[in-house]
Amino acid sequence: MNRQKRFFQGLALVGLWALSLLILLPLLLVVINSFKSSAEADAMNLLMPKSFMVENFKTVLTTGSVFRSLMNSALITGAAVLLSVILGSMAAFVFNRRRSSLNRTVYNYFLLGLVIPVQIITLIEILKYFHMMNSYQGIILVYVAIFTPLTIFLTYGAVSSIPRELDEAAIVDGCGALRLFFKILFPLLTPVIITSCITQFMFIWNDFQYPLYLLSDTKKWTLVLGIYGFIGQYSSDWNLVCAHILMSSLPVVIIYLSGQKYIISGMVSGAVKG
């Protein structure tokens with residue numbers, strides 16, 4: 001029985017290694033081709049370059065409006081994550097502590113945002129109606145609307161694990177509602193808040209679809225859309241495209257590695273049933 005168990009465990013381990021390699025292959029392909037010449041990168045294979053062309057990254061920095069795109073990405077991502085996390089966690093706190101039928105209905109309404117897909121055509125028409133098409137405010141509000149339900153869902157369960165007696169003691173000491181939330185409860189929600197921030201940051205920073213549809217002005221394009229600067233109708237510099245992808249992915253890797261220890265604890269906190 002033990003031999004059979006070890007066999008299946010070894011088989012599962014081999015399968016996981018094979019799956020990991022399958023996931024890492026596209027990343028390896030991007031890394032290798034970012035150091036190739038334009039002619040070598042056209043083949044798009046895993047062969048090592050004849051000579052490592054580090055100047056590809058310098059070309060991207062000098063000709064691809066990277067700094068402006070970086071500022072656009074930082075503005076859109078930072079504002080959207082900040083608003084979503086603050087508004088979503090505050091709403092989850094109210095929904096959890098005041099469990100009236102109205103709050104339960106509104107809470108369930110927000111949860112529909114986790115499963116209902118976004119209709120791009122309708123979204124564009126709404127932004128045009130409010131004169132927010134091709135604006136920072138418009139795309140930021142779109143991301144806030146998309147991710148607030150996720151923040152509410154994760155934070156609601158985490159708030160359930162905090163005793164109500166803590167609220168009562170703070171109120172007796174003279175805390176108002178906002179001070180109670182930000183001074184007492186918010187620090188206790190650190191794991192789930194960081195988890196929410198990281199997941200949202202990774203999606204918004206890497207998102208290609210919404211900036212493409214909602215931002216027609218190239219001066220407002222995000223870092224990911226900057227790839228278009230190296231893709232033409234008749235030819236493409238795939239070595240520069242790969243270098244750009246590698247550079248635009250670096251902030252996501254840094255953010256993820258910085259907060260990865262909170263992700264599991266944050267997911268577990270958010271999974272507590274309220």
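The values are calculated or read from the model by the stated rules, or taken from the named source; none is laboratory data. Not measured: the values here are computed from a predicted model. Here the Cβ positions follow ideal geometry from the backbone for every residue, glycine too, while neighbour counts run over all protein chains shown. Surface areas here come from the heavy atoms of the whole protein model, side chains and all, with no ligands, DNA or RNA. Shrake-Rupley method; radii C 1.70, N 1.55, O 1.52, S 1.80 Å.
Separation of the stretch 89-142 and the stretch 145-191 by C-alpha centroid, Å?
If we compute the Cα centre of each part, the gap is 21 Å.
Summarise the accessible area of the stretch 63-184 (1.4 Å probe, protein heavy atoms) by the percent that is carbon and sulfur.
Exposed carbon and sulfur together represent 69 percent of the surface.
If you take the Cα Rg of the stretch 112-263 and divide it by 2.2 N^0.38 Å, with N the number of residues, what do you get?
Cα Rg divided by the expected 2.2 N^0.38 Å: 1.36.
Treating only the Cα positions of the stretch 66-110 as identical point scatterers, give the base-10 log of I(q)/I(0) from the Debye formula at each q in 0.15 Å⁻¹.
-0.51
Determine the principal axes of the Cα atoms in the chain, then give the extent along each, sorted from largest to smallest and rounded to whole angstroms.
71, 68, 34
Cross-link candidates for Lys58: which lysines have Cα within less than 24 Å, leaving aside residues fewer than 8 places away along the same chain?
Counting by Cα, and skipping residues close in sequence, Lys58 has these lysines nearby: Lys36, Lys50, Lys219, Lys220.
Give the Rg/Rh ratio for the stretch 1-159, taking Rg as the radius of gyration of the Cα atoms and Rh as the Kirkwood radius, to two decimals.
That ratio is 1.15, to two decimals.
Given charges of +1 on the Cβ of Lys and Arg and -1 on the Cβ of Asp and Glu, with all other atoms neutral, how large is the dipole of the stretch 50-115 about its Cα centre, in debye to the nearest 20?
With only Lys, Arg, Asp and Glu charged at Cβ, the dipole is about 280 debye.
When only Cα pairs under 8 Å and 6 or more residues apart are kept, what is the percent relative contact order across the chain?
This gives 31 percent for the chain.
Could you work out the pair-distance distribution P(r) of the stretch 164-205 from its alpha-carbon pairs, with 5 angstrom bin width and percents rounded to whole numbers?
The calculated distribution, bin by bin, is 5, 22, 21, 15, 12, 11, 7, 5, 1.
Using only Cα atoms, find the angle between the long axis of helix 2-33 and the longest principal axis of the chain, and express it within 0 to 90 degrees, rounded to the nearest 10.
The answer is roughly 60 degrees.
Taking only protein heavy atoms and a 1.4 Å probe, what accessible area per residue, in Å², does the chain have with all protein chains in place? It would help to have the intermediate numbers written out before the result.
Numbers: 16320 Å² over 274 residues.
Here the residues of the chain average 60 Å² of exposed surface.
To the nearest 20 Debye, how big is the dipole of the chain about its Cα centre, given +1 on the beta carbon of each Lys and Arg and -1 on that of each Asp and Glu?
Numbers: 19 positive and 11 negative charges, 144 e Å.
Its charge dipole is roughly 680 debye.
Among Gln137, Val66, Ala43, whose Cα projects farthest towards the positive end of the dipole of the stretch 36-168, with charges put on the beta-carbon of Lys, Arg (+1) and Asp, Glu (-1)?
The one lying farthest along the dipole's positive direction is Gln137.
Take the Cα of Leu114, step 7 Å along the line toward its Cβ, and report every residue of the stretch 149-163 whose backbone nitrogen sits under 11 Å from that point.
Residues 149-157 qualify, since their backbone N sits under 11 Å from the label point.
For the ranges 177-183, 45-51, what's the packing order if you count other beta-carbon atoms within 10 Å of each residue, average per peptide, and put the highest first?
On the way: 177-183: 14.6, 45-51: 11.1.
In descending order of packing, they fall as 177-183, 45-51.
For the ranges 105-113, 27-35, what's the packing order if you count other beta-carbon atoms within 10 Å of each residue, average per peptide, and put the highest first?
Ranked by mean Cβ neighbours within 10 Å, highest first: 27-35, 105-113.
Note down the nm distance, to one decimal, between modelled labels 7 Å out along Cα→Cβ at Leu250 and at Lys5.
Those two pseudo-labels are separated by 4.8 nm.
Treat the stretch 85-140 as a sphere of radius equal to its Kirkwood radius over Cα pairs and apply Stokes-Einstein at 37 °C in a medium of 0.692 mPa s; give the translational diffusion coefficient in µm²/s, rounded to a whole number.
245
What FRET efficiency would be calculated for the residue pair Leu27, Lys261, taking the C-beta separation as r and a Förster radius of 22 Å, to the nearest 0.05?
With a Förster radius of 22 Å, E is 0.45.
Helix 238-270 sits at what angle to the longest principal axis of the chain, using alpha carbons and giving 0 to 90 degrees rounded to 10?
20
For Thr105 and Tyr136, FRET efficiency with R0 = 30 Å and r from the beta-carbon atoms, rounded to 0.05?
Values: r = 33 Å, r/R0 = 1.09.
About 0.35, to the nearest 0.05.
Please give the calculated 222 nm ellipticity per residue for the chain, where each DSSP H segment of at least 4 residues contributes -39500 (n - 2.57) and the sum is spread over every residue; nearest 500 deg cm²/dmol? Please list the in-between numbers first.
Numbers: 11 runs with 188 residues, N = 274.
For the chain, the value works out to -23000 deg cm²/dmol.
Tell me, what ³J(HN,Hα) does each residue in the stretch 148-160 have, in order and in whole Hz, if you take phi through Karplus 6.51 cos²θ - 1.76 cosθ + 1.60 with θ = phi - 60° and put x for Gly and Pro?
4, x, 5, 4, 4, 4, 5, 6, 4, x, 5, 5, 4
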